[in-house]
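Peer 1: Take a look at this one; I'll ask things after.
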Amino acid sequence: MALHSPKHSDAIIFLSNDSSLGKLKPQKRLQLVFRAIYFVTFLTKKKIGRNTLILSQLLRNPSVVIDIESINDHKEEELFHGINKEALAKLVREKDFNGLLQFGGVLQIIEILGSDQKSGLRLNENELEKRKETFGSNIYPKPPAKTFLSFVLEAFKDTTIIILLVCAVFSLGFGIKQHGPKEGWYDGGSIIVAVVLVLAVSSISNFKQSRQFMKLSDESKDIKVEVVRDGRRQEVSIFEIVVGDVVCLKIGDHIAADGLFLDGHSLQVDESSMTGESDHVQINKTQNPFLVCGTKVMDGYGHMLVTSVGTNNAWGQMMSNITDDKNEQTPLQQRLNKLTKYIGNVGLLMAFLVLVTLLIRYFTGHSEYDNSRREFIGSKTKAGDIMNSLVRMIAAAVTIIVVAIPEGLPLAVTLTLAYSMRRMMLDHAMVRKLSACETMGSATTICTDKTGTLTLHKMQVTEFWLGTDMIMTTSQIAPEVLEMLQEAAGLNTTGEVYMTPSGPPEISGGPTEKAILSWAMTNLLVNFNELNREHRILHVEVFNSQKKRSGVLVLKNSTGKVHTHWKGAAEIILAMCSTYYVKGGIIAPIDHEERKELELKIKYMASKSLRCIAFACKESNAKNQILEETELTLLGLVGLKDPCRPGIKEAVESCRAAGVSIKMITGDNVFTAKSIALECGILQPAEDLNIAVIEGPTFRNYSQEERMKIVERICVMARSSPFDKLLMVECLKQKGHVVAVTGDGTNDAPALKAADVGLSMGIQGTEVAKESSDIVILDDNFNTVVTVLKWGRCVYNNIQKFIQFQLTVNVAALVINFVAAASSGEVPLTAVQLLWVNLIMDTLGALALATERPSSELMNKKPVGRTEPLITAVMWRNIIAQALYQVTVLLILQFKGSAIFHVNKKVKDTLIFNTFVFCQVFNEFHARKLEKKNIFHGILKNRLFIGIVGMTILLQVIMVEFLRKFADTERLDWRQWAVCMGISSLSWPIGWIMKCIPVSNK
């Protein structure tokens, strides 16, 4: 009986006798029948009545067989219409092992999904899209992002803005009543327009930065995974995984979809993200083949069949309800919020004093109109006029608060962080945590890996030693030794070799694995297809950073012999050996002299910056299924060269000049570590190597007091474990250092989390390491770490520049308005004018100063300590000098301006406003360089700064010359413009003179 494609309207049933089925017991035949029915139901989703009909025929004729081969012969897209993806997803989600058996086991599900255990999916674009349509994509819908309107509403929540708008509405009402609709709307309408403009600029800026952060967040989630497609390993985006894919798993990987275990060894996963249980779960075929999305591989390696993606699994459903809007505040932002609050309180006090002064002057009859007529004449003054005057005074006081509160500080931080994050992405560094940007600028110590960070991570076998003899060609090796070496190199590996039909073979795996496999193929002449066919792997012990070795138990099919093979760090493997192979194939004992000789060979290779790997073997008993670790025979030693990265010495030197110490922490032996450290410049030839170089176990066995004494003097730690790395980070932090750590392995996660800034590697780094880090170095290059250090310092420096610029404006505006109000009862700068200045310093000033790129001079300073004040003595010197000059000049204009320039009050007030704005424009140049006298150095490189200064001047011309009613100004002639520019430009020589005055660092 055969059931044809579920797309047919009726199932066609054929009765046939099958001799092979007839030989089975009736019970076995019924089991096969029920399993077949289950699959027919699963594939077709037809009504149960039809299956009952089939069952009744089967019971009447036990020799009937259901031929479902014809179903599998149909195209994949035809089958997909019948697959119950919910049942498939539920199977893994609920870890239903009995349900899996009813489905026919993992192998049957592979067949149903049109995949293959060894070669994976064979896909073209159409088939890929078909699978996405049927089973969904490996993405989950994100909660909607904050809209522009929400940012506008957020800006409206500012109390001072609300008060100002209320005042503007009252001013509008009373103005229209007093002067009529044609001219009465100017004061109130101008304030409303200015407030709306400030709100619009603030909302647009915050909205754009929010979108920028979201984009960077999406990029950080787009991780690459290895899948088997078309018979070979390929790297694809996590979002491109489809149901039926065979995914390669190794230590440190995040499991990107729900799936079933196909094959592998010692696979353990951390399911705490889903279950809350901290114990690692063993994955195997017989008891627990279920792999759940969102969990992490903690040990072993293997392959997984993807069964559900995206929102069809529990992780996707959970993540679709989580928003990325963490409202994360960096330490610098928190410090700035305190500063903002303090300055705001000072502004509030000043505004209150101004309001009280104006009220007293008004009600005591000291306030006068332009024609010298008193504003308040007791009961003769109309209630409407009193209210209008009160609204005007309150609006002036509120405007002072608006100007006093440095709302631009948080905006400047946001702009700086957003800009630096975007630029750092172009410089191959992806920021995962905002605070890391600024913390990196304070780093005093960088603990770095060697392999792949200081070196190119492009391993190549350059030497092979058989015993104490260097081997140049395979003809020098005895056949039996060559066979054992082929087994050792070709089978004890997590890498793979894919023999392409045309072109060179494709080798996948880690750099060390790839180098050894390449050497095995070219030098040992290994035929990998034949090697895998002739041998069966019985047991595997996966390489980890603690044991620094990997092992495999291998059965040779033709002879039945079982061998244990070990591969790992040369001195560790040598310690496990009691005999070794010599060139002629004879096994010789390793006595004291021979061991010393072999150790010298290892040191010799290490002194040439070679990583030394040893192979050892032993004939074993297949029944034990354990890897023996003693009395092994040394097969040989290989030396792998990993060249230092170009420019690494210069990068280390720049860190030294910047007061940042570099410590290299590596698993290699002490001789290799010394050689690389000297080559990179981390070690200086004149240094005492007995103190500067230490081994992990030695450091670990010291007492806490001893560790604290020497930790700052250590430059290289060899033979270190992840625990040693963590211990060093903790000691350095206790000594008061700001520590940055690089790492790429799962075991580096504790050190990355403990460090002030964790830097994971984007290429070789595991997903667990990346998740534990603050910044991902996308090109695994130490030069990029130095670039991140520059950017960190640049962020901090840019914020300081903006603080200096803004506080100068705050101090000047507050003092001028307070003194003028107290002495004459008038504020020279109107609400609209102060709002315009606020707009300049908040937004345009932040843009101009927050987008300065890092310069080389940043690396000539010592790092900023943890307790360094945000506003330094140098900044206070610059702020006081510029604010004092501005206040002096503007008060002279306020009290003597009309007499000096022979102009009326309206023109005098315009001169004050214009001069005040241009003072800020010229002061912006000073803020670019906090200490340098040459404020124009490198200015042409920052086109944005030049553009913003030009835009500010243009807008000021428009305000004064064309928006007179709006800004309450009068047109100025060219002489008056020249006077304003001349007075403002004097801030440059004053600033230069002030920078000649030395300032204490304390």
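The values are calculated or read from the model by the stated rules, or taken from the named source; none is laboratory data. What you see is a predicted model; the values in this text were computed from it and never measured. We place every Cβ from the backbone using ideal geometry, glycine too, and count neighbours over all the protein chains shown. Calculation scope for accessible area: heavy atoms of the full protein, side chains included, ligands and nucleic acids excluded. Shrake-Rupley method; radii C 1.70, N 1.55, O 1.52, S 1.80 Å.
Peer 1: Which one is farthest from Ala881 (Cα to Cα), of the residues in the stretch 940-960 that are out of contact with any Leu (no Cβ under 8 Å at 6 or more places or on another chain) and open to solvent by less than 20 Å² (accessible area, probe 1.4 Å)?
Peer 2: To start, the set of residues in the stretch 940-960 that are out of contact with any Leu (no Cβ under 8 Å at 6 or more places or on another chain) comprises 940-943, 947, 949-950, 953-959.
Keeping just the survivors that are open to solvent by less than 20 Å² (accessible area, probe 1.4 Å) gives 942, 949, 956, 959.
On the way: Asn942: 26, Val949: 22, Gln956: 25, Met959: 28 Å.
Ranking the qualifying residues of the stretch 940-960, first place goes to Met959.
Peer 1: Identify, from the list Thr512, Thr473, Thr455, Thr448, the residue that is under 23 Å from Asp642 (Cα atoms), at pLDDT 85 or above, polar (S, T, N, Q) and over 30 Å from the mean Cα position of the chain (by Cα).
Peer 2: Working: Thr512 fails: over 30 Å from the mean Cα position of the chain (by Cα); Thr455 fails: over 30 Å from the mean Cα position of the chain (by Cα); Thr448 fails: over 30 Å from the mean Cα position of the chain (by Cα).
Among Thr512, Thr473, Thr455, Thr448, only Thr473 is under 23 Å from Asp642 (Cα atoms), at pLDDT 85 or above, polar (S, T, N, Q) and over 30 Å from the mean Cα position of the chain (by Cα).
Peer 1: Right, something else. Among all residue pairs at least 6 apart or on different chains, which show Cβ distances below 6 Å where the first residue, located in the stretch 240-268, is more than 22 Å from Val552 (Cβ to Cβ) and the second is open to solvent by less than 10 Å² (accessible area, probe 1.4 Å) and of a type in the set (Phe, Trp, Tyr)?
Peer 2: Val243/Phe135
Peer 1: Could you list, in sequence order, the residues of the stretch 770-785 that are under 17 Å from Asp253 (Cβ atoms), open to solvent by 10 Å² or more (accessible area, probe 1.4 Å) and not charged (D, E, K, R)?
Peer 2: Ser772 - this is the single residue of the stretch 770-785 that is under 17 Å from Asp253 (Cβ atoms), open to solvent by 10 Å² or more (accessible area, probe 1.4 Å) and not charged (D, E, K, R).
Peer 1: Considering only residues of the stretch 456-509 that are among the aliphatic types (A, V, I, L, M) and without any contact (Cβ under 8 Å) to a residue 24 or more places away in the chain, which is nearest to Cys617 (Cα to Cα)?
Peer 2: From the stretch 456-509, those among the aliphatic types (A, V, I, L, M) are 456, 459, 461, 466, 470-472, 477-478, 481-482, 484-485, 488-489, 491, 497, 499, 507; that's our starting set.
Checking the rest, the ones that are also without any contact (Cβ under 8 Å) to a residue 24 or more places away in the chain come to 470, 472, 507.
Working: Met470: 20, Met472: 22, Ile507: 24 Å.
If we take residues in the stretch 456-509 being among the aliphatic types (A, V, I, L, M) and without any contact (Cβ under 8 Å) to a residue 24 or more places away in the chain, then Met470 is nearest to Cys617 (Cα to Cα).
Peer 1: Now for a separate question. Considering only the stretch 125-146, state which residues are open to solvent by 80 Å² or more (accessible area, probe 1.4 Å) and in a loop (DSSP other than H, G, I, E, B).
Peer 2: Scanning the stretch 125-146 gives Ile139, Pro141, Lys142, Pro144.
Peer 1: May I ask you to say which residue of Thr969, Thr915 is in contact with a helix residue (DSSP H, G or I) (Cβ under 7 Å, 6 or more places away or on another chain), open to solvent by less than 20 Å² (accessible area, probe 1.4 Å), under 17 Å from Thr830 (Cβ atoms) and not in a helix (DSSP H, G or I)?
Peer 2: Values: Thr915 fails: not in a helix (DSSP H, G or I).
None of the other options fit; the residue is Thr969.
Peer 1: Any chance you could count how many residues in the stretch 786-810 are open to solvent by 10 Å² or more (accessible area, probe 1.4 Å) and not aliphatic (A, V, I, L, M)?
Peer 2: Of the residues in that region, 7 qualify.
Peer 1: Is there a residue being touching a residue at least 40 places away in the same chain (Cβ under 8 Å), touching a Phe, Trp or Tyr at 6+ places or on another chain (Cβ under 8 Å) and either closer than 14 Å to Met484 by Cα or not in a helix (DSSP H, G or I) (or both) anywhere in the stretch 526-537?
Peer 2: No, there is no match, as no residue in the stretch 526-537 is touching a residue at least 40 places away in the same chain (Cβ under 8 Å), touching a Phe, Trp or Tyr at 6+ places or on another chain (Cβ under 8 Å) and either closer than 14 Å to Met484 by Cα or not in a helix (DSSP H, G or I) (or both).
Peer 1: Pull up the stretch 97-124, narrow it to residues that are polar (S, T, N, Q) and either modelled with pLDDT under 85 or not in a loop (DSSP other than H, G, I, E, B) (or both), then point me to the one that is nearest to Arg229 (Cα to Cα).
Peer 2: Of everything passing the filter in the stretch 97-124, Asn124 is nearest to Arg229 (Cα to Cα).
Peer 1: Could you check the stretch 578-674 for strands (runs of 3 or more DSSP E) lying wholly inside it with 1 or more residues that are open to solvent by less than 10 Å² (accessible area, probe 1.4 Å) and touching a residue at least 24 places away in the same chain (Cβ under 8 Å)?
Peer 2: Values: elements: 587-589, 610-620, 632-641, 661-665.
Counting at least 1 such residues, we get 610-620, 632-641, 661-665.
Peer 1: When you go through (1) under 30 Å from Leu456 (Cβ atoms); (2) at pLDDT 90 or above one by one for Ser607, which number turns out not to apply?
Peer 2: Here Ser607 clears every test but (2).
Peer 1: Could you check the stretch 811-828 and list, in sequence order, the residues that are at pLDDT 80 or above and open to solvent by less than 10 Å² (accessible area, probe 1.4 Å)? Spell out how you get there, then give the answer.
Peer 2: Here is the first cut: in the stretch 811-828, the ones at pLDDT 80 or above are 811-816, 819.
Listed by number, the residues that qualify are Ala812, Ala813, Ile816.
Peer 1: Is it the case that the stretch 243-251 has a residue that's open to solvent by less than 30 Å² (accessible area, probe 1.4 Å), modelled with pLDDT of 85 or more, over 19 Å from the mean Cα position of the chain (by Cα) and more than 19 Å from Arg131 (Cα to Cα)?
Peer 2: So in the stretch 243-251, the residues open to solvent by less than 30 Å² (accessible area, probe 1.4 Å) come out as 243-249.
From what's left, modelled with pLDDT of 85 or more: 243-249.
Then drop every residue that is not over 19 Å from the mean Cα position of the chain (by Cα), which leaves 243-249.
From what is left, the residues that are more than 19 Å from Arg131 (Cα to Cα) are 248-249.
Checked against the condition, which is being open to solvent by less than 30 Å² (accessible area, probe 1.4 Å), modelled with pLDDT of 85 or more, over 19 Å from the mean Cα position of the chain (by Cα) and more than 19 Å from Arg131 (Cα to Cα), the stretch 243-251 yields at least one hit.
Peer 1: Quick one: in the stretch 515-525, of everything that is within 15 Å of Leu491 (Cβ to Cβ) and in a helix (DSSP H, G or I), which residue is most open to solvent (accessible area, probe 1.4 Å)?
Peer 2: Within the stretch 515-525, the subset within 15 Å of Leu491 (Cβ to Cβ) is 516-517, 519-521, 524.
From the residues that got through so far, the ones that are in a helix (DSSP H, G or I) too are 516-517, 519-521.
On the way: Ile516: 2, Leu517: 2, Trp519: 17, Ala520: 0, Met521: 42 Å².
Looking at residues that are within 15 Å of Leu491 (Cβ to Cβ) and in a helix (DSSP H, G or I), I get Met521.
Peer 1: Do we have Glu679 as surrounded by fewer than 18 Cβ atoms within 10 Å (Cβ to Cβ) and touching a Ser or Thr at 6+ places or on another chain (Cβ under 7 Å) here? Walk me through it before giving the result.
Peer 2: Working: surrounded by fewer than 18 Cβ atoms within 10 Å (Cβ to Cβ): yes; touching a Ser or Thr at 6+ places or on another chain (Cβ under 7 Å): yes.
When the stated conditions are applied, Glu679 passes them.
Peer 1: Can you pull out every residue in the stretch 533-550 that is open to solvent by 80 Å² or more (accessible area, probe 1.4 Å) and modelled with pLDDT of 90 or more?
Peer 2: Let us first name the residues in the stretch 533-550 that are open to solvent by 80 Å² or more (accessible area, probe 1.4 Å), namely 533, 536, 543, 546-547.
Selection gives Arg533, Arg536.
Peer 1: Please report, ordered by residue number, the helices (runs of 4 or more DSSP H) entirely within the stretch 809-901 with at least 1 residues that are more than 30 Å from Tyr796 (Cβ to Cβ) and in contact with a Ser or Thr (Cβ under 6 Å, 6 or more places away or on another chain). Spell out how you get there, then give the answer.
Peer 2: On the way: elements: 831-839, 845-850, 873-901.
It comes to 831-839.
Peer 1: Can you spot a residue in the stretch 925-932 that is surrounded by 20 or more Cβ atoms within 10 Å (Cβ to Cβ) and in contact with a Leu (Cβ under 8 Å, 6 or more places away or on another chain)?
Peer 2: Yes: one or more hits.
Peer 1: Only one of (1) in a helix (DSSP H, G or I); (2) at pLDDT below 90; (3) in contact with a strand residue (DSSP E or B) (Cβ under 8 Å, 6 or more places away or on another chain) is not met by Leu574, so which one is it?
Peer 2: Going through the list (1) in a helix (DSSP H, G or I); (2) at pLDDT below 90; (3) in contact with a strand residue (DSSP E or B) (Cβ under 8 Å, 6 or more places away or on another chain), Leu574 breaks only (2).
Peer 1: Could you list, in sequence order, the residues of the stretch 251-284 that are of a type in the set (Ser, Thr, Tyr) and in contact with a helix residue (DSSP H, G or I) (Cβ under 9 Å, 6 or more places away or on another chain)?
Peer 2: Of the stretch 251-284, the ones of a type in the set (Ser, Thr, Tyr) are 266, 272-273, 275, 278.
Within the stretch 251-284, Ser273, Ser278 meet the criteria.
Peer 1: Which pairs do you get when a residue that is at negative phi and part of a loop (DSSP other than H, G, I, E, B), found in the stretch 926-941, comes within reach of a residue that is acidic (Asp, Glu) and modelled with pLDDT under 85, reach meaning Cβ atoms under 9 angstrom, with the pair 6+ apart or on two chains?
Peer 2: Here the result reads Lys932/Glu857; His937/Glu857, each pair linking the stretch 926-941 to a residue that is acidic (Asp, Glu) and modelled with pLDDT under 85.
Peer 1: Here's something else I'd like to know. Residues in the stretch 753-767: is at least one farther than 20 Å from Val788 by Cβ, out of contact with any Ser or Thr (no Cβ under 8 Å at 6 or more places or on another chain) and open to solvent by less than 30 Å² (accessible area, probe 1.4 Å)?
Peer 2: yes
Peer 1: Now for a separate question. Checking Thr493 against (1) surrounded by fewer than 20 Cβ atoms within 10 Å (Cβ to Cβ); (2) in a loop (DSSP other than H, G, I, E, B), only one condition comes out false. Which one?
Peer 2: (1)
Peer 1: On to the next question. Quick one: in the stretch 731-747, which of the residues that are more than 19 Å from Ala436 (Cβ to Cβ) and at pLDDT 90 or above is least open to solvent (accessible area, probe 1.4 Å)? Give the derivation first.
Peer 2: So in the stretch 731-747, the residues more than 19 Å from Ala436 (Cβ to Cβ) come out as 731, 734-736, 745-747.
With the extra rule that they be at pLDDT 90 or above, the set shrinks to 731, 734-735.
Values: Cys731: 2, Gln734: 116, Lys735: 84 Å².
Here the answer is Cys731.
Peer 1: Counting only residues that are open to solvent by less than 20 Å² (accessible area, probe 1.4 Å), outside any loop (DSSP other than H, G, I, E, B) and aliphatic (A, V, I, L, M), which one in the stretch 713-726 is farthest from Ile255 (Cα to Cα)?
Peer 2: Residue satisfying both the conditions and the ranking: Val716.
Peer 1: For the subset of the stretch 661-696 comprising residues that are β-branched (Val, Ile, Thr) and within 25 Å of Glu706 (Cβ to Cβ), which member is farthest from the chain's Cα centre (by Cα)?
Peer 2: First, pick out the residues of the stretch 661-696 that are β-branched (Val, Ile, Thr): 662, 665-666, 670, 672, 676, 682, 691, 693-694.
Still in the running and within 25 Å of Glu706 (Cβ to Cβ): 662, 665-666, 670, 682, 691, 693-694.
Details: Ile662: 22, Ile665: 23, Thr666: 24, Val670: 33, Ile682: 27, Ile691: 35, Val693: 32, Ile694: 32 Å.
For the stretch 661-696, the residue satisfying everything is Ile691.
Peer 1: Provide a single number: the residues in the stretch 275-315 that are open to solvent by 60 Å² or more (accessible area, probe 1.4 Å), among the polar types (S, T, N, Q) and farther than 30 Å from Ile537 by Cβ.
Peer 2: The number of residues fulfilling the criteria is 2.
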